[in-house]
Structure formats: structure tokens, C-alpha cells
Amino acid sequence: MTDDSAEVVSIVATDPDQPLDPKDAPETLPLLPVRNTVLFPGVVLPVTVTRKKSIRLVRKAYRGNKIVGVVAQKNNQHDDPSLADLYQVGTMAKILKLLVLPDGNTTIIIQGQSRFQIEEELQHTPYLTARVSYAPEVFPNKNSKETKALVASLKDAAAKMLKLNPEIPQEAQVALDNIESPSFLTHFLSSNINVEVGQKQKLLEINDGVERGTMLLELMLKEIQHLEIKHEIHTKVHTDIDQQQRDYFLRQQIKVLQDELGGGDSSDQDIDKFRQRAKLKQWPEAVAKHFAKELDKLGRVNPQAAEYPLSVNYVEFLLDLPWAEYTKDNFNLKRTRKILDQDHYGMEKVKERIIEYLAVLKLKQDLKAPILCLYGPPGVGKTSLGRSIAKALGRKYVRMSLGGVRDEAEIRGHRKTYVGAMPGRIIAQIKKAGASNPVIVLDEIDKLASDFRGDPSSALLEVLDPEQNSTFTDNYLEVEYDLSKVLFIATANSLDTIQPALRDRMEIIDLTGYTLEEKTQIAKKHLWPKLLTDHGLSLKDVTITPPALQRVIDDYTRESGVRSLERKLGGVVRNIAKSKAMKEEYPAALEPKDITRILGAAIFDRDQYQDNETAGVVTGLAWTSVGGDILFIESLLSRGRGKLTLSGQLGDVMKESAITALSYLRSRADELDIDYRLFDQYDLHIHFPEGAVPKDGPSAGIAIFTSIASVFTQRKIRSHLAMTGEITLRGKVLPVGGIKEKILAAKRAGIKDVILCQKNRKDIEEIQPEYIKDLTIHYADRVDDVLRVALLDEKVAHPMKLVVRDEAPLAPVPSVEVQ
């Protein structure tokens with residue numbers, strides 16, 4: 001309770017203790033604003049004061065005459081109210097007691113004395129002070145008939161309210177009986193009636209006692225009506241419960257009579273049907289016992305009870321699940337391979353893995369299903385591959401999207417005792433499939449979230465563990481269900497967001513992006529015929545030439561998959577469909593110029609190799625979410641004191657690579673014929689163009705080293721050369737990932753030589769030979785191997801003249817500035 005509120009039930013005094021005569025009352029009062037309450041004359045209230053202004057006021061008043069002016073706030077949201085925020089009529093009060101609580105708050109007990117009207121504000125700080133005038137109390141003689149009738153009505157109404165509201169203590173009736181003053185009676189009842197502050201303020205502002213009592217009586221009668229309605233509802237609820245109990249006993253008697261006569265009600269017929277269906281189920285013995293127990297429990301539940309339909313739904317769900325019901329696998333491996341090849345071009349690694357699984361299953365006839373995770377960028381066909389696998393195996397196919405799922409109950413289900421309980425999505429998909437060995441595609445498993453409702457990825461640990469999922473228990477099901485025959489196929493765009501324990505339970509199959517040749521074949525064999533059919537055309541109406549397809553792929557899409565390619569080809573097909581519908585002329589075979597006319601100017605401009613006539617410019621190779629790309633690294637020297645500046649929105653790994661490369665170059669300065677004083681007399685600026693694009697990753701070390709070696713020696717870099725690999729402080733070259741995408745990007749950009757780590761040779765061997773035709777791969781173990789290939793002995797066309805001062809001043813430790 002703070003200075004913005006006071007207790008609802010007032011502390012009663014029969015009359016003000018030695019009330020002040022308004023003639024003796026001060027004309028100037030410090031104002032104490034209160035919220036959610038109105039103080040009336042004669043009423044005692046405890047108030048806890050927390051605002052600094054109010055604490056300063058009450059402490060000073062308590063040390064003085066102990067008189068304050070208590071005024072209610074119009075808006076209780078204001079913490080520092082002005083005079084305009086207060087009602088203009090308040091009550092002069094006397095502080096009876098001041099207590100300092102252990103928590104630092106100050107509590108005062110005040111008693112209302114006289115009503116006043118605010119005339120003028122005198123000061124706002126340190127607390128509100130105003131000049132006031134006192135309102136006289138006009139009340140007829142208490143012995144008059146009108147006053148006696150009003151007092152009797154008020155006391156009768158108050159007694160009725162006490163009777164209807166059991167929360168009010170009975171001692172309040174004794175207090176009412178002891179009140180003799182009509183004026184104080186209206187003040188006391190006005191203080192304690194359950195109405196809004198605005199209504200109480202209106203009562204306080206009325207000078208005529210009879211008028212105030214009449215308005216108070218109206219408010220009390222409304223409150224009595226409200227209490228009577230509540231009491232009536234409460235009584236009716238109890239009556240309804242008693243009626244339900246009576247109906248239950250009557251139904252139980254009817255049931256006994258029907259059993260004696262050989263009949264039964266509809267609920268008994270439902271239970272008999274459930275028993276008959278259960279006899280046909282081939283479920284484990286533990287499940288059969290659990291079902292029998294649930295059925296017996298259902299028989300004891302009143303059909304009119306709220307839990308009856310919940311129990312019926314649970315029993316029906318147990319019966320609907322395909323316990324030990326399996327579809328027969330198709331072990332024709334040649335047919336399976338043919339279906340996979342028809343539906344998907346490339347993906348040899350995935351197809352081989354599926355054929356291996358089927359071969360083992362065919363030989364052993366029993367194999368716990370592996371958990372495959374197809375990992376790759378969007379649009380490469382991960383989800384559709386799961387449908388093709390189900391089609392090839394002859395199994396049921398269901399897809400379960402996990403993107404944005406953050407509730408653990410989505411996986412494990414709710415306890416069936418909860419309102420609105422449902423089974424988990426895994427068991428629900430099994431029921432939907434109608435077989436215990438479907439192919440379930442867990443789409444976007446990397447986009448699972450977690451919050452206060454649990455961690456769904458942790459709930460999937462049991463589902464996706466071949467050693468545990470044979471005894472999977474759903475919270476709703478309450479019995480074990482065998483998931484070991486289910487073929488789970490997860491898809492993910494990124495492995496970083498997958499919980500390590502969950503990732504360990506899956507076999508990761510990397511689906512890299514498609515090459516230009518693969519995209520051309522996919523568009524030719526799959527996308528173009530499908531789009532023509534979807535738009536009411538056929539291959540007889542229009543065809544597209546390979547150069548036109550390549551134009552769409554190169555100039556209008558930049559992705560690893562084919563989703564954007566399908567959209568762009570859809571735009572081309574729609575243009576042809578419009579021309580045919582409007583009987584306009586259109587080319588029967590689309591050429592590159594037709595693509596430009598339909599789709600407009602090229603959207604993307606592929607980076608091409610730049611010349612090597614400038615020292616310090618090196619071409620690196622980078623992996624992105626939409627495939628590989630080339631990356632330029634530029635270095636520049638300028639007079640200074642050895643400061644290193646990095647720009648291009650680099651991550652921490654790239655910064656560390658640049659610092660490592662510079663440190664190693666300084667250590668090898670003599671071997672490269674670099675005057676060591678250059679490092680202290682020139683500033684080095686390394687820049688990565690396209691600064692708006694964030695760059696990070698451990699693959700630019702040797703490219704940065706080659707760039708700064710070139711700028712310090714002013715030697716040329718081999719033309720049409722690109723490189724990727726990380727560097728250590730000892731000069732070793734480390735392997736990096738994304739080699740296939742990087743090699744394909746280099747070939748698209750016109751690169752002829754590529755430098756890789758020796759340990760990346762295995763990645764090159766996995767790439768089909770036609771993709772790296774006319775591309776020379778150089779392998780390096782150390783940085784010296786890189787320089788032998790990359791740096792030429794001749795100088796650049798216009799070398800920078802690096803002048804070394806004879807006595808260089810002692811330079812500070814080089815600082816790194818990132819722009």
C-alpha cells in the first residue's frame with residue numbers, strides 16, 4: 001500500500017478526536033495526493049508513503065502541527081501530480097501516528113477533520129501547498145423525522161450488505177450501532193462503500209447532509225442488488241451440482257435395472273465395439289493390458305461427465321494407431337535407381353546411400369532404419385528427394401515441418417489429463433500414414449527453437465536414436481511405441497544451429513549446389529516440361545535452346561538450387577502463354593535475345609578475373625549460401641608508422657588471418673628481399689571490395705599473405721590465378737571446405753590456375769573430371785609453395801618506389817584499424 005492507495009476497510013472512530021474548529025483551522029495546507037481512495041471527516045486511514053515529496057511533507061507536518069490536506073488524484077497514473085491533476089475538494093487530516101518500516105517506507109495513520117476547497121496554489125516544491133477555504137457541514141437536527149428516516153434507511157441498507165457479503169467481519173455491525181452522529185454515519189459509509197473514486201469524491205463535495213445521504217443510499221441499494229445477484233448465482237451453482245449428483249445416482253440405478261433386464265445404453269454399446277476392434281489388433285501384451293484397463297475405466301465414467309468424451313477419444317486413438325502394421329518394401333534395386341534418376345538429376349552420393357540401405361535390408365530382412373540428414377542450401381531438392389525415396393521403397397510418405405516449432409509437447413505430446421491434450425506430431429504422423437514403417441521427412445530441422453515451453457530438439461534425441469526409438473513413449477499415449485522401422489529423413493540448410501547431440505545421431509549427407517551443367521539438365525528434363533504443362537502449353541508450342549537456358553541461369557539467378565530458376569522460367573512460360581492466348585506471334589524456339597526481351601536487363605553480373613598489372617591484388621575463392629564466388633583482396637602501402645588497416649566488413653577470423661599473414665611475412669622479410677625498415681615506415685591497408693557484404697571464414701589466409709607479399713616486393717602475380725586456404729604462424733597451409741563450389745566459381749570467372757592445400761586433393765577427386773577441364777590445380781603444404789606459383793620475378797608495370805630512411809624512428813607496436 002503506497003501513498004497512491006489506502007486500505008479498503010477504514011479504521012473506525014465514533015467521532016473525530018477533538019475536531020478542529022474550522023475557524024481555528026489553518027488557511028494554508030500542505031497537500032498530500034492519494035490514489036484510489038477518498039478520505040472523509042472522522043474516518044481513520046493508514047497510508048504508506050513512498051514518494052519523496054510526500055515523505056518530506058508528512059515528516060515535516062508530524063514535527064509541527066500534524067495537519068495535512070488529503071486530496072484524491074483524478075488520474076492515478078501520475079507520479080508527480082500538479083494541482084490540475086487533483087480534485088478541488090479534499091479533507092483536512094490530522095496525523096495520529098508515523099511509523100518507519102524496515103523496508104524504508106513510511107506509514108502514517110491519519111484522521112479526517114474538515115472538508116476544504118482549494119482556492120490557490122502557493123508552491124509546488126518541495127511539496128504542494130495551497131490556500132484553502134473550509135466547507136461548512138449542513139445537516140438538519142438529528143431528531144427531525146427526515147433525518148431519522150434517512151439514518152434508519154442507511155443502517156438497514158448497511159446491515160443487508162453485511163449479511164450478503166461474508167467477507168466483511170461481523171464486528172462492523174457493532175461499529176455501525178455505536179455511530180450516533182448522522183453526519184459521521186454518512187462519512188463512514190461513504191468511505192467504505194465499494195464504488196469508484198469519482199463517486200466517492202462526489203459524495204465528499206456535497207455540503208448538504210441529507211442530499212449526501214440520499215445519494216449514498218442510492219449507491220448502497222445498487223450495491224445490494226449486485227450482491228443479491230452474486231448470491232443467487234452462487235446458490236444456483238450449488239443447486240446444479242446437487243442435481244448432477246442426484247442424476248448420477250438415478251442413472252446408476254437405471255443401469256443396474258437394465259443389466260437385470262438384459263438391455264444396455266449407448267455407452268455400453270460403444271465399449272462393446274471397442275472390445276471387438278481390440279481383438280483384431282496385433283499389439284504388444286503391455287499395450288493390450290493398458291487398453292483393457294482404460295476400457296474398464298471408461299465403463300465406470302458417467303457418459304454425461306466432462307471426462308467421458310476425452311476417455312473415448314483416447315481409446316479410439318489407441319485403436320487407430322497401426323500397431324505392428326507394415327507396408328511391404330520393394331527390393332527391386334534397379335527399379336529404385338531408375339525412379340531416383342527420373343526424379344532427380346545428379347545427387348549420386350545420396351542415391352548410392354539409399355541403394356546400400358535397400359541392399360542390406362534385402363539381405364538381412366531386418367535393419368534398424370538409419371537417420372539420414374540431407375544438408376544443403378535451399379532449392380536443391382532435399383524435401384522432394386524424401387518423396388522419391390518413399391515412392392521407390394513403396395512406403396507411405398508423410399512430411400513434418402519443424403520450422404519455428406518451440407514447444408516440446410509438439411514432439412512428445414501433452415499429458416492426457418490436461419485440457420485440450422493432443423498426441424505429439426510424430427505419433428500423429430504415424431496414425432496419418434496408417435503404417436508403422438513410413439518415410440517421415442523432418443523438414444527444416446535446423447530451424448527448431450526453444451523457450452520456456454521446453455526444447456524440441458532435445459525431445460527429438462530419443463526419436464532419432466536407432467538404439468532408443470524402439471521404445472519411444474509419447475506423453476499422451478503413455479505406452480511405448482516402436483519407431484525403429486520408420487525411415488526418418490531430416491533436411492537442414494545449416495548444421496551450426498543443430499544441437500550437437502542431435503547432429504551426432506544423424507548421418508549427414510551433403511547436397512552441394514548444382515553446377516551450370518547440372519542446372520541446364522534439370523531445367524531441360526524437369527522444370528521446363530513441368531512449367532509448360534502447368535501453363536497449358538506443350539513442347540510442340542515452344543522449346544528453349546541451351547544458350548537461352550544458360551542465359552537465364554547466369555544472368556537472372558544466383559543460387560545453389562533451382563528454385564529461383566524455376567520462377568524465372570515460369571515468367572518466360574507465362575509470356576509465351578499470353579502471346580498464344582492473344583494470338584500474337586512468338587518464337588517457336590527461344591534464343592538468348594528472347595530471354596532478354598522477356599525478362600529485361602540482366603540482374604546479376606558474375607565477377608570476372610581482373611588483371612595483375614597492379615601489385616597487391618589477389619583473387620581469392622569464397623563459399624556462400626548460394627554457391628561459390630571469387631573474392632578480390634587489395635593491399636596498399638603509404639607513408640606512416642607501421643599501422644595495419646583492414647576494411648570490408650570483416651569478421652574476427654578474417655582479421656586474425658590478416659594479422660597472422662603480416663607477422664609471418666615480417667619474419668621472412670630477408671628471404672623475400674624486403675627491407676625490414678619498410679614495416680615501420682609504411683602503413684599497410686588491406687581492403688576487401690564490396691564492403692556492404694559481411695565476410696568471415698578461415699579460407700583467405702594464403703590469399704592475404706600473397707597480396708601483402710606482392711605489395712611489399714612490387715612483384716607481379718600470375719595471371720588468371722585464384723587461391724583458397726588458411727595460414728598458420730609457422731607458414732603451413734591448412735585445408736578449407738566448400739572446394740567444389742569454389743572450383744566451379746573459379747571456372748565461371750575465367751580462372752585457369754587454382755592453389756589449394758595438399759589435403760584438399762581428396763575434394764578435387766570427388767568432382768567429375770568434365771567440371772575441372774582446362775583448370776590446373778596446384779597443391780601447397782607451405783606458404784613457400786604458394787609464393788613459388790603465385791609470385792613472378794618481374795615487377796609490375798608501374799611499381800611503387802619504396803624509399804627507406806636511413807635512421808627510422810622507433811615505431812610503436814603496430815595497431816590494427818578496421819573500417
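The values are calculated or read from the model by the stated rules, or taken from the named source; none is laboratory data. Please read all numbers here as calculations on a predicted model, not as lab measurements. Quick reminder, even Gly has a Cβ in these numbers, built from the backbone with ideal geometry, and neighbours come from all protein chains shown.
Would you be able to tell me the number of residues in segment 402-449 that are of a type outside the set (D, E, K, R), under 21 Å from T383 (Cα atoms) and assigned to a helix (DSSP H, G or I)?
Summing the residues that are of a type outside the set (D, E, K, R), under 21 Å from T383 (Cα atoms) and assigned to a helix (DSSP H, G or I) in segment 402-449 gives 8.
Regarding Y345, is this residue within 27 Å of E766 (Cα to Cα), touching a residue at least 40 places away in the same chain (Cβ under 8 Å) and part of a loop (DSSP other than H, G, I, E, B)?
yes
Could you name every one of the strands (runs of 3 or more DSSP E) located completely within segment 714-801 that has at least 1 residues being without any contact (Cβ under 8 Å) to a residue 60 or more places away in the chain and surrounded by 14 or more Cβ atoms within 10 Å (Cβ to Cβ)?
Fully inside segment 714-801 and qualifying: 753-757, 776-780.
Say we look at segment 653-711 and pick out the residues that are in contact with a strand residue (DSSP E or B) (Cβ under 7 Å, 6 or more places away or on another chain) and of a type in the set (D, E); which of these is farthest from V796 (Cα to Cα)?
D696
Give me a count of the residues in segment 388-432 that are within 18 Å of P456 (Cβ to Cβ) and of a type in the set (G, A, S).
Residues in segment 388-432 being within 18 Å of P456 (Cβ to Cβ) and of a type in the set (G, A, S): 8 in total.
Restricted to segment 238-264, and to residues that are over 30 Å from L321 (Cα atoms) and part of a loop (DSSP other than H, G, I, E, B), which residue is modelled with the highest pLDDT?
G262
In segment 499-525, what residues are without any contact (Cβ under 8 Å) to a residue 12 or more places away in the chain and buried (at least 20 other Cβ atoms within 10 Å of the Cβ)?
Selection gives nothing.
Can you tell me which residue within segment 648-690, out of those that are at pLDDT 90 or above and assigned to a strand (DSSP E or B), is farthest from E726 (Cα to Cα)?
Across segment 648-690, the extreme among qualifying residues is Y682.
Just one of T235, T186 is modelled with pLDDT under 80, hydroxyl-bearing (S, T, Y) and not assigned by TED's automatic domain parsing to the domain that holds N75; which is it?
None of the other options fit; the residue is T235.
Rundown of residues vs (1) under 29 Å from K328 (Cα atoms); (2) under 23 Å from the mean Cα position of the chain (by Cα), yes/no style:
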| site | (1), (2) |
| --- | --- |
| L363 | yes, no |
| S384 | yes, no |
| A390 | yes, no |
| S436 | yes, no |
| I445 | yes, yes |
| F452 | no, yes |
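K163 versus (1) modelled with pLDDT of 75 or more; (2) surrounded by 15 or more Cβ atoms within 10 Å (Cβ to Cβ): which is the lone unmet condition?
For K163, the failing item is (2).
Mind counting the residues in segment 465-483 that are in a loop (DSSP other than H, G, I, E, B) and either outside the structural domain of G403 (by TED's automatic domain parsing) or modelled with pLDDT under 85 (or both)?
Number of matching residues: 4.
For segment 653-689, what are the residues that are of a type in the set (S, T, Y) and crowded, with 17+ Cβ neighbours inside 10 Å?
S657, T660, Y664, Y682, listed by residue number.
Need the failing condition index for S267 against (1) over 27 Å from G299 (Cα atoms); (2) of a type in the set (G, A, S); (3) modelled with pLDDT under 85, just the number.
(1)
Taking segment 690-713, which residues are surrounded by fewer than 18 Cβ atoms within 10 Å (Cβ to Cβ), over 25 Å from T515 (Cα atoms) and in contact with a Gly (Cβ under 7 Å, 6 or more places away or on another chain)?
Result: G691, single match.
If R399 passes every condition in (1) under 29 Å from the mean Cα position of the chain (by Cα); (2) surrounded by fewer than 21 Cβ atoms within 10 Å (Cβ to Cβ); (3) in a helix (DSSP H, G or I) but one, which one does it miss?
Every listed condition holds for R399 apart from (3).
Do you know which of the residues in segment 531-578 that are among the hydroxyl-bearing types (S, T, Y) and farther than 17 Å from G600 by Cα is surrounded by the most Cβ atoms within 10 Å (Cβ to Cβ)?
S560
Can you go through L280, L298, L340, L310 and tell me which one is touching a helix residue (DSSP H, G or I) at 6+ places or on another chain (Cβ under 6 Å) and not assigned by TED's automatic domain parsing to the domain that holds Y397?
Answer to the check: L298.
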